[in-house]
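To keep things clear, I will list the structure first and then write my remarks on it.
No value in this document is a laboratory result; all are computed from the given coordinates. The shown structure was predicted, so the numbers you read here are calculated from the model rather than taken from an experiment. All Cβ positions, even for glycine, are placed from backbone atoms using ideal geometry, and neighbour counts span all protein chains on display.
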Amino acid sequence: MPDVNMQVELAGVTLKNPVVVASGTFGFGREYSQFYDLGELGGICAKGLTLRPRNGNPAPRIAETPMGILNSVGLENPGVDAFIQEELPFLRTFDTKMIANISGNTPEEYGVMCEKLSAAGVDMIEVNISCPNVKAGGLAYGTRPELAAEVTETAKKHAGSVPVMVKLSPNVTDITEIARAVEGAGADALSLINTIRGMRIDVNTRRPVLKMNTGGLSGPAVLPVAVRMVWEVAQAVKLPILGMGGMSKGTDAAQLMLAGASAVAVGTALFADPFAPLKVRDELADLAARQGLASVSELTGGVRPW
Ligand SMILES: Cc1cc2nc3c(=O)[nH]c(=O)nc-3n(C[C@H](O)[C@H](O)[C@H](O)COP(=O)(O)O)c2cc1C
């Protein structure tokens with residue numbers, strides 16, 4: 001590997017390299033651990049957890065689209081307690097940072113999960129606010145500044161010394177408004193973007209291809225949206241950013257970092273190539289070396305807008 005310092009900081013947590021894996025696309029790492037040492041990764045955002053186990057949505061819940069996929073998996077997971085007992089000890093055997101990802105029906109549920117996870121000793125908690133608030137009539141937390149702030153505040157109150165990273169939804173008119181609200185509520189970092197709502201219809205049956213009718217779009221198609229949103233958010237707040245959305249190459253990662261991300265996450269690309277995060281890391285290191293950088297972190301925020 002070229003002689004570039006690949007270490008980066010994200011909310012006070014040191015990552016050995018800036019490439020982590022995105023929540024929901026890596027399970028709890030067991031399948032991928034058959035391919036390589038998970039200690040090669042900068043970090044692992046585990047599959048989204050809820051307070052109680054969930055079966056997720058009915059099938060079909062994944063469909064291909066031009067340059068991406070649509071999913072409506074619906075947070076199938078064994079629940080936070082099973083994660084702590086059965087999955088975390090396994091993940092802890094690898095020399096990488098463990099980021100737990102949580103979704104709640106109410107702010108209180110986020111609080112309870114933060115307490116359990118901070119006691120269990122994860123390195124960071126990623127708070128997914130792209131889920132509906134049961135008490136607010138199903139409105140997604142991530143679409144309203146006051147709801148996003150309320151969840152952030154509750155999470156911070158119960159996370160102890162574990163940094164809280166809030167994952168922003170792109171399904172909003174102005175993402176900087178939500179980013180500012182979350183920063184004001186005490187978040188330690190932001191991650192973006194989550195999936196973009198989309199729909200596909202089978203013209204013969206006239207049925208939507210997903211049982212839930214709509215789903216979240218991810219994959220290469222969303223990269224330019226992710227780069228634009230990271231750039232906007234980086235100018236609006238001082239918080240460090242974990243950038244993601246459609247990344248599959250070193251140049252994709254460099255774009256997200258130049259836009260303002262301190263670290264990046266590979267998601268959908270993993271489904272086509274389990275080695276994608278390592279490829280992105282090595283290509284990013286090569287790119288940084290070619291550009292004569294001593295540290296990959298010099299890319300962060302380095303875009304020169306016209
Ligand atoms: C099948 C699938 C499941 C996902 N599950 C979660 C999840 O549980 N929690 C979460 O915050 N994001 C989840 N995401 C969103 C990804 O973490 C990521 O933000 C998004 O897919 C954009 O990155 P990508 O284009 O590289 O996949 C999921 C994405 C996919 C495709």
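Charge tally around GLY243: other residues with Cβ under 15 Å, Lys/Arg +1 each, Asp/Glu -1 each, net 0. Taking amide H positions as modeled 1.01 Å from N, with prolines and chain starts lacking one, the residues under 5 Å from GLY24 and 5 or more places away or on another chain are LYS47, GLY48.
Report the full-extension gain for the segment THR93 to ALA272: residue separation times 0.36 nm, less the Cα-Cα distance, to one decimal in nm. Mind dumping the intermediate values first?
Working: separation 179, 0.36 × 179 = 64.44 nm, distance 2.58 nm.
Extra length from THR93 to ALA272 when fully extended: 61.9 nm.
Assuming charge only on the beta carbon of Lys and Arg (+1) and of Asp and Glu (-1), the dipole of region 175-306 about its Cα centre is about 500 debye to the nearest 20.
Each residue of region 265-275 was assigned a 3J(HN,Hα) from its phi angle through the Karplus expression (A = 6.51, B = -1.76, C = 1.60, θ = phi - 60°), giving 10, 9, x, 3, 4, 4, 5, 8, 8, x, 8 Hz with x at Gly and Pro.
Before anything else, pin down the relative contact order of region 100-176: Cα pairs under 8 Å, at least 6 apart, normalised by residue count, whole percent. Provide the component values of the computation, followed by the final result.
Numbers: 127 pairs, mean separation 27.8, N = 77.
With pairs under 8 Å counted, the relative contact order is 36 percent.
Take the alpha carbon gyration tensor of region 21-179, find the square roots of its eigenvalues, order them as a ≥ b ≥ c, and report rounded if a/c is under 1.5; if not, report prolate when a/b exceeds b/c, else oblate. Provide the component values of the computation, followed by the final result.
Working: a/c = 1.60, a/b = 1.18, b/c = 1.36.
The shape class here is oblate.
In a fully extended conformation the segment linking LYS211 and THR173 would gain 11.0 nm over its present Cα-Cα distance, using 0.36 nm per residue.
Pull out a ≥ b ≥ c, the square roots of the eigenvalues of the alpha-carbon gyration tensor of the chain, then state rounded if a/c is under 1.5, prolate if not and a/b is larger than b/c, and oblate in the remaining case. Rounded is the answer for the chain, as its axis ratio a/c remains below 1.5.
In a reduced charge model with +1 at each Lys and Arg Cβ and -1 at each Asp and Glu Cβ, region 108-152 shows a dipole moment near 140 debye about its Cα centre. Using C-alpha pairs under 8 Å with a sequence gap of at least 6, the mean separation divided by the residue count of region 33-191 gives a relative contact order of 19 percent. Near PHE83, once Lys and Arg are set to +1 and Asp and Glu to -1 for all other residues with Cβ below 10 Å from its Cβ, the sum equals -1.
Each residue of region 192-200 was assigned a 3J(HN,Hα) from its phi angle through the Karplus expression (A = 6.51, B = -1.76, C = 1.60, θ = phi - 60°), giving 6, 10, 7, 6, 9, 4, x, 7, 10 Hz with x at Gly and Pro. For VAL19, VAL80, VAL134, the sequence from fewest to most other C-beta atoms within 10 Å is VAL134, VAL80, VAL19. Normalised by the number of residues in the chain, the average gap of Cα pairs under 8 Å and 6 or more apart makes the relative contact order 21 percent.
Placing unit charges on the Cβ atoms of the charged side chains and taking the dipole of the chain about its Cα centre, the candidate lying farthest along the positive direction among SER33, ASN171, LEU270 is ASN171.
Amide H contacts under 5 Å for GLU126: ALA100, ASN101, ILE102, MET165, restricted to partners 5 or more places along the chain or on a different chain, H placed in the peptide plane at 1.01 Å from N.
Applying the Karplus relation 6.51 cos²θ - 1.76 cosθ + 1.60 with θ = phi - 60° to region 153-162 yields 3J(HN,Hα) values of 4, 5, 4, 4, 4, 10, 8, x, 8, 7 Hz, where x marks Gly and Pro.
A cut-off of 5 Å between modelled amide H atoms, ignoring neighbours fewer than 5 places along the same chain, links ALA140 with ASN133.
I need the shape label for region 131-261. Rule: rounded when a/c is under 1.5, else prolate if a/b > b/c, else oblate, with a, b, c from the alpha carbon gyration tensor.
On the way: a/c = 2.35, a/b = 1.26, b/c = 1.86.
Oblate shape, in that a/c is at least 1.5 and b/c is the bigger or equal ratio.
Can you give the local net charge around LEU284? Use residues other than it whose beta-carbon is closer than 15 angstrom to its beta-carbon, Lys and Arg +1, Asp and Glu -1. Within the 15 Å Cβ shell, the charges total -2.
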